[in-house]
Amino acid sequence: MKVRFWGTRGSIATPGPDTIHFGGNTSCVEVTTNSGAHLILDCGTGARRLAGDLMSRDEKPISVNILVGHTHWDHIQGFPFFSPLFVPGNSVAIYGPEGGRRSLHDVLAGQMEFTYFPVELNQLPAAITYNDLSEGIQTIGGLRIAAQYLNHPAMTLGYRLEGDGVVIVYLVDHEPFSDRLWRADAEPGHIASILHDGDRRHANFMAGADLVIHDAQYTPEEYPAKKTWGHSTYDYAVRMSAAAGVRRLALTHHDPDHNDHFVAEIEDRARTLATQCGTGLDVFCAYEGCELLVEPVKVLTPFVAPASGQPNVLHQRFRVLVVDDQPDMLALIERALQDEEYIVTTASNGPEALRMIASQIPDLVVLDYKMAGMDGMAVTTALRSTPETKSLPVLMLTTKTDEPSTRAGFAAGVTDYVTKPFSFPQLASRVRACLNRHGSP
Ligand SMILES: [Zn+2]
Ligand SMILES: [Zn+2]
């Protein structure tokens with residue numbers, strides 16, 4: 001399988017003399033299978049030059065699959081400039097996460113309204129299909145492709161491509177689920193030693209990959225000021241990849257404020273760290289024009305998706321109960337979730353929440369940890385000891401980011417554990433991921 005990077009910048013295109021080596025175009029990676037199928041991962045501004053290259057090749061008509069991780073600008077701004085779309089006879093299949101409120105088609109059409117662009121989406125002459133994805137496994141371009149949610153303030157999917165005897169995993173726009181990566185009572189560096197369930201799921205998703213392309217927008221020094229923005233440090237990407245037995249790691253989504261010199265320093269630091277991890281992980285910072293041939297060196301390990309209650313629940317109106325004893329916070333969360341078109345009810349303490357759940361079981365409970373009287377942990381324990389609510393998804397909100405609290409939360413049976421401060425878009429996407437995985441039909 002062949003991989004070529006056409007855009008490695010995060011957030012906004014950053015052309016100029018300071019970014020000549022690593023490149024200024026936003027996210028776009030071309031994957032070509034041994035049988036010649038084209039898959040394009042993200043459609044940032046890098047997609048314009050890729051489009052020109054595709055048009056100059058002998059292959060006519062052009063048939064491509066575009067997999068968009070999410071629809072923030074830096075991942076779709078190249079789409080209106082993707083020239084194969086303007087040629088009748090070409091076919092383009094687009095895949096991306098369903099966002100809850102609007103379909104992939106409507107979001108892409110939105111950025112091409114006449115106010116923003118001279119040609120509207122439905123005027124494009126190529127045959128275009130739109131495929132809203134949730135978590136799960138599909139066959140696209142002859143490859144087995146698994147999709148799994150990332151932690152980002154928008155519904156965002158990571159993709160694991162399996163085929164030609166190799167595994168390539170694309171994980172861009174993702175933030176660690178927890179400040180602490182390892183449990184204190186376990187040896188660091190192993191998937192089983194990861195503290196937060198979300199980070200463990202993320203590591204399992206990249207397990208045994210020949211190439212992982214991972215968000216590494218920040219240094220560990222920069223990260224605290226950028227928390228909840230939905231991006232990783234190189235440190236997290238390296239440690240996770242090493243634990244997951246990854247062969248090669250490409251760091252990407254470079255910060256617009258990082259010039260070539262700074263990114264090269266990140267590469268040095270990442271390599272030193274990878275050497276310390278001692279697993280033989282090869283790490284580099286992806287640059288525009290970088291081309292790799294990924295060839296098999298071992299038997300491919302197919303991804304086995306974790307069991308989930310309801311894999312496909314698109315466009316369903318879910319009922320969410322929010323429990324918090326702080327009226328301001330309760331109102332803000334209620335509003336944020338109503339904007340996502342959930343049916344939201346609220347309770348201001350634990351006993352009231354349990355009474356409401358007993359009379360009607362919601363699809364998910366958003367529960368504050370620290371409440372006067374009965375706290376969130378006691379509510380979770382009560383829910384888990386009742387047969388009807390044993391598997392009701394519970395998303396716990398907490399300021400307690402220390403390891404014992406996180407472990408106690410998961411041990412009590414919380415489904416996800418979101419630490420404060422969080423952003424409301426981030427909370428909304430964690431709620432959605434939880435419902436898509438575990439929501440009742
Ligand atoms: Zn991005
Ligand atoms: Zn984003």
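Each value in this text was obtained by applying a stated rule to the coordinates, not by laboratory testing. Bear in mind that the values here come from a model prediction, so they are computed numbers and not experimental data. Glycine also receives a Cβ, built like all others from the backbone with ideal geometry; neighbour counts cover every protein chain displayed.
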Original post:
Over the Cα atoms of region 28-83, what Rg and Dmax result, in angstrom?
Top reply: 10.9, 33
Original post:
Between ALA126, LEU330, GLY36, whose Cα lies farthest towards the positive end of the dipole of the chain when Lys and Arg beta carbons carry +1 and Asp and Glu beta carbons carry -1, centred on the Cα centre?
Top reply: GLY36
Original post:
For region 366-441, what is the Kirkwood estimate of the hydrodynamic radius, computed as the reciprocal of the mean inverse distance between distinct Cα atoms, to one decimal in Å?
Top reply: 12.7
**OP:** Please go through region 1-79 and write out the trypsin sites (Lys or Arg not before Pro) that DSSP classes as loop and that have at most 10 other C-beta atoms within 10 Å.
**Re:** ARG57
Original post:
What area, in nm² and to one decimal, does the C-alpha convex hull of region 201-319 cast on average over all directions?
Top reply: 10.5
Subject >> Sparse-neighbourhood loop sites, chymotrypsin sites (Phe, Trp or Tyr not before Pro) in region 50-157 - DSSP loop, at most 15 other Cβ within 10 angstrom >> reply: PHE114, TYR116
Subject >> ³J(HN,Hα), Karplus 6.51/-1.76/1.60, whole Hz, each residue of region 345-356, x for Gly, Pro >> reply: 10, 10, 9, 9, 7, x, x, 4, 4, 5, 4, 5
Original post:
Could you give the Stokes-Einstein D for the chain in µm² per second, using the C-alpha Kirkwood radius, 25 °C, 0.890 mPa s?
Top reply: 109
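Could you quote the convex hull projected area for region 74-133, Cα atoms only and averaged over all directions, in nm²? Don't jump to the answer; show the numbers that get you there.
Numbers: hull surface 16.2 nm².
Average projection, Cα convex hull of region 74-133: 4.0 nm².
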Original post:
If you stretched the chain out fully between SER91 and ARG317, how much longer would it get, using 0.36 nm times the residue separation minus the C-alpha to C-alpha distance?
Top reply: 78.0 nm
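How much length is gained if the chain between ASP132 and ASP53 is pulled fully straight, taking 0.36 nm per residue apart and subtracting their Cα-Cα distance, in nm to one decimal? Could you put the intermediate results ahead of the total?
Values: separation 79, 0.36 × 79 = 28.44 nm, distance 2.74 nm.
Additional length available on full extension: 25.7 nm.
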Subject >> With Cα atoms, 0 to 90° folded angle of helix 424-438 axis to the chain main axis >> reply: 80
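Taking R0 as 51 Å, what FRET efficiency do you get between CYS277 and ARG102 from their Cβ-Cβ distance, rounded to the nearest 0.05?
Numbers: r = 41 Å, r/R0 = 0.81.
The pair CYS277/ARG102 has a calculated efficiency of 0.80.
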Original post:
Suppose R0 equals 22 Å; then what is the FRET efficiency for SER83 and ARG144 from their Cβ-Cβ distance, rounded to the nearest 0.05?
Top reply: 0.15
Subject >> Sparsely packed trypsin sites (Lys or Arg not before Pro) within region 363-441, loop by DSSP, other Cβ within 10 Å at most 12 >> reply: LYS390
Subject >> Net lengthening on full extension, VAL299/ARG183 (0.36 nm per residue, minus Cα-Cα) >> reply: 38.7 nm
**OP:** With no solvent and one equal point scatterer per Cα, compute the Debye intensity ratio I(q)/I(0) for region 101-146 at 0.32 Å⁻¹ and report its log10, rounded to two decimals.
**Re:** -1.15
Original post:
What is the sum of charges around PRO296, taking Lys and Arg as +1, Asp and Glu as -1, for the other residues whose C-beta is under 9 Å from the C-beta of PRO296?
Top reply: -2
**OP:** Just give me a number: lysine pairs in the chain, eight or more positions apart or cross-chain, with C-alpha atoms less than 23 Å apart.
**Re:** 11
**OP:** Kindly provide the pair-distance distribution of region 142-206 built from C-alpha pairs, with 10 Å bins from 0 and whole-percent values in order of increasing distance.
**Re:** 21, 43, 29, 7, 0
Original post:
In degrees between 0 and 90, to the nearest 10, how far off the longest principal axis of the chain does helix 403-412 point, with axes built from Cα atoms?
Top reply: 70
Original post:
Once phi is turned into ³J(HN,Hα) by the Karplus curve 6.51 cos²θ - 1.76 cosθ + 1.60 with θ = phi - 60°, what whole-Hz value does each residue of region 37-54 show in order, with x for glycine and proline?
Top reply: 6, 9, 10, 10, 9, 6, 10, x, 5, x, 5, 5, 6, 4, 4, x, 5, 4
Subject >> Charge dipole magnitude, Cβ of K and R +1, D and E -1 - region 400-441, Cα centre, debye nearest 20 >> reply: 120
Original post:
How long is region 7-155 along each principal axis, judged by its Cα atoms, biggest number first, in Å?
Top reply: 41, 41, 35
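Rounded to the nearest 20 debye, what is the charge dipole size of the chain about its Cα centre when +1 sits on each Lys and Arg Cβ and -1 on each Asp and Glu Cβ?
Its charge dipole is roughly 920 debye.
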**OP:** Taking H placed 1.01 Å from N in the peptide plane, check which residues at least 5 places from LEU249 or on another chain put their amide H under 5 Å from its amide H.
**Re:** VAL212, ASP282, VAL283, PHE284
**OP:** Starting at the first residue of region 253-268, write each ³J(HN,Hα) from the Karplus equation 6.51 cos²θ - 1.76 cosθ + 1.60 with θ = phi - 60°, in whole Hz, x for Gly and Pro.
**Re:** 6, 4, 5, x, 7, 9, 7, 4, 4, 5, 5, 5, 5, 4, 4, 4
